[in-house]
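Report on one structure; see the data block that follows.
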Amino acid sequence: MGHFGAENVAERPLGHRHGRPQVILARATGHGFEEFEVPSDATLLEVMGEAARLTGLGLLPPGDRPFDRLHAMRGDDVLQTIDELKESIEEYLRATGAEPRFEIELVRAFRVNTRWDVAPSDRLSPKEILALPKIDLDYKEFTLYLPGKHEPLPLDTPILIERGADFEAQRDGRYGWEG
Amino acid sequence: MCPDRIREEVSALVGSGRGAELVEANGQCYALIKGVEAPSPPWSKSGFDILIPVPAAYDAAELDGFYLELPYAYNGGEHSRIKGDVIEVASRKWRQVSWHYPEGKAWLRGRDNLETHVVHCRGFFLNRGAVNAP
């Protein structure tokens, strides 16, 4: 059984928490269940982060608002998405009468510069990537690159988007004449 | 006094994991961006701090160019486009880099911001996205 520690994805050390231990059973989609304890005042986001960490994953994007989704479970059935992740596990269980059993749906989150979005399919062209709502960069103005690479990615050629993929969109530059 | 808008954008950059802070010297505001990645070689190290001057009227007025921390080396010597003024800010020396937006593709309020400008500056180190020869 894992124990909730300071290194959880939600990055909020719980060393000073005094809530009684709550046993959780959770899995990320496609992975096995992890059983672990959290303080009863841990938030659902922290529960989600700990489950991901024990699975060897991180939530994406990092921080307080992951695109990955937390689902309630009843037995082996995966139920609705839980939207209110700031609620404590104690409050959630008391209000819903649910089991402390969850599945984390891992989405194909990726980023361009500092902008994160979810790829709707595993292959997208740079033009499609730049047009995604949370990326929202004009393909006529920005060129997409792999990090650290000199060659631009061809605008209309689909590329594989893996979870956690990283791209850079750059506007052209001009060397000044005063050099 | 640094404009409110750039304060918000620096906070957003820091929140995304990029080291950044605002510094002021002689009434001029600068965004100090830490560890902008550079290929080494030809650059003398794999990350450089850069200093981006922020106009008082930002973001109605645009960001343009940057200063590079000193010392640096490129192919063991100087880069032909790093020959601008040397300034002292935050107890360090910095040299102006001649890297701008192309003619006809000027900064546009609402489309460009500090985040996109940092990536634009990073292009200088990679010699990418340049419309003319270095």
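The values are calculated or read from the model by the stated rules, or taken from the named source; none is laboratory data. Because the structure is predicted, anything quoted here is derived from the model rather than measured. When we count neighbours, we look across all protein chains shown, and the Cβ atoms used for this are built from the backbone with ideal geometry, even at glycine. Calculation scope for accessible area: heavy atoms of the full protein, side chains included, ligands and nucleic acids excluded. Shrake-Rupley method; radii C 1.70, N 1.55, O 1.52, S 1.80 Å.
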Select from segment B:105-120 the residues that are β-branched (Val, Ile, Thr) and open to solvent by 30 Å² or more (accessible area, probe 1.4 Å) and list them in ascending order. none
Return only the number of the condition from (1) within 21 Å of A:Arg115 (Cα to Cα); (2) part of a helix (DSSP H, G or I) that A:Pro61 does not satisfy. (2)
Can you tell me which residue in segment A:122-179 is farthest from the other protein chains (Cβ to nearest Cβ), limited to those that are touching a helix residue (DSSP H, G or I) at 6+ places or on another chain (Cβ under 9 Å) and polar (S, T, N, Q)? A:Thr157
Looking at segment B:42-65, is at least one residue aromatic (Phe, Trp, Tyr) and touching a residue at least 60 places away in the same chain (Cβ under 8 Å)? yes
